[in-house]
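Student: Handing you this structure, nothing more for now.
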Amino acid sequence: MDSVLYNPWDDNGSTGLLGELVAKEYLVKRGYEFVDGNMRVGHLEIDLLMRKGDLMVYVEVKSSKSGSWERIVGNLSGKKLRRVFQACVSYHERFYQELPMRVDCVCVQFDWKMDVRRIRHMTNLSWDY
């Protein structure tokens, strides 16, 4: 994993930050190229932007150190998914309009010691505007 000057165990956002680092490493090991992370689009945020060939892949990361696996996956509600798509489409149209895009989600579950317990990569999410 990349070295980080910031200790991810020091604050309340630790699970989310660590989840994003784990998701990034997971995708890089599977042939994706890291482009950017935590991009702001107005008040919305895109967790990760990866590239696979000519395809730009926008990634929402969900992580938890407690609760069931279904709860982690279920945190991607219709309202949240709509906002994710709005941010991704807006960013893509501004910077990568000429390339195809896809929206994915990586869910990361940690155990009580913050070791990765389970990862699930869901590709090609859809949401009807």
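The values are calculated or read from the model by the stated rules, or taken from the named source; none is laboratory data. Predicted model only: the values in this text are computed from it and were never measured. Using ideal geometry, Cβ is built from the backbone for each residue, glycine included, and neighbour counts are taken over all protein chains shown.
Student: In the list MET56, MET114, which residue meets the criterion of being part of a loop (DSSP other than H, G, I, E, B), of a type in the set (A, V, I, L, M), surrounded by 11 or more Cβ atoms within 10 Å (Cβ to Cβ) and touching a helix residue (DSSP H, G or I) at 6+ places or on another chain (Cβ under 7 Å)?
Tutor: MET114
Student: Against the definition (modelled with pLDDT under 95, within 15 Å of the chain's Cα centre (by Cα) and surrounded by 13 or more Cβ atoms within 10 Å (Cβ to Cβ)), how does ARG102 come out, yes or no?
Tutor: no
Student: Out of curiosity, is ARG40 assigned to a strand (DSSP E or B), more than 13 Å from the chain's Cα centre (by Cα) and either surrounded by fewer than 19 Cβ atoms within 10 Å (Cβ to Cβ) or at pLDDT below 95 (or both)?
Tutor: Considered against the rule, which asks whether it is assigned to a strand (DSSP E or B), more than 13 Å from the chain's Cα centre (by Cα) and either surrounded by fewer than 19 Cβ atoms within 10 Å (Cβ to Cβ) or at pLDDT below 95 (or both), ARG40 comes out as yes.
Student: Among residues belonging to the range 68-91 that are of a type in the set (Ser, Thr, Tyr) and surrounded by fewer than 19 Cβ atoms within 10 Å (Cβ to Cβ), point out the one that is modelled with the highest pLDDT.
Tutor: So the residue we want is SER90.
Student: What pairs come up if the first residue lies in the range 75-98 and is in a loop (DSSP other than H, G, I, E, B), the second is surrounded by 13 or more Cβ atoms within 10 Å (Cβ to Cβ) and not polar (S, T, N, Q), and their beta carbons are under 7 Å apart, counting only those six or more places apart or on different chains?
Tutor: Listed pairs, sorted by first residue: ASN75/LYS62; LEU76/GLU60; LEU76/LYS62; LEU76/CYS105; TYR96/MET56.
Student: Separate question: Do the conditions hold for ARG94, that is, is it among the charged types (D, E, K, R) and surrounded by 16 or more Cβ atoms within 10 Å (Cβ to Cβ)?
Tutor: No, not satisfied.
Student: Counting only residues that are within 17 Å of GLY16 (Cα to Cα), of a type in the set (D, E, K, R) and out of contact with any Asp or Glu (no Cβ under 8 Å at 6 or more places or on another chain), how many does the range 81-118 have?
Tutor: 4
Student: Something else: Scan the range 27-37 residue by residue and report those that are surrounded by fewer than 17 Cβ atoms within 10 Å (Cβ to Cβ), part of a helix (DSSP H, G or I) and either touching a residue at least 24 places away in the same chain (Cβ under 8 Å) or not aliphatic (A, V, I, L, M) (or both).
Tutor: LYS29
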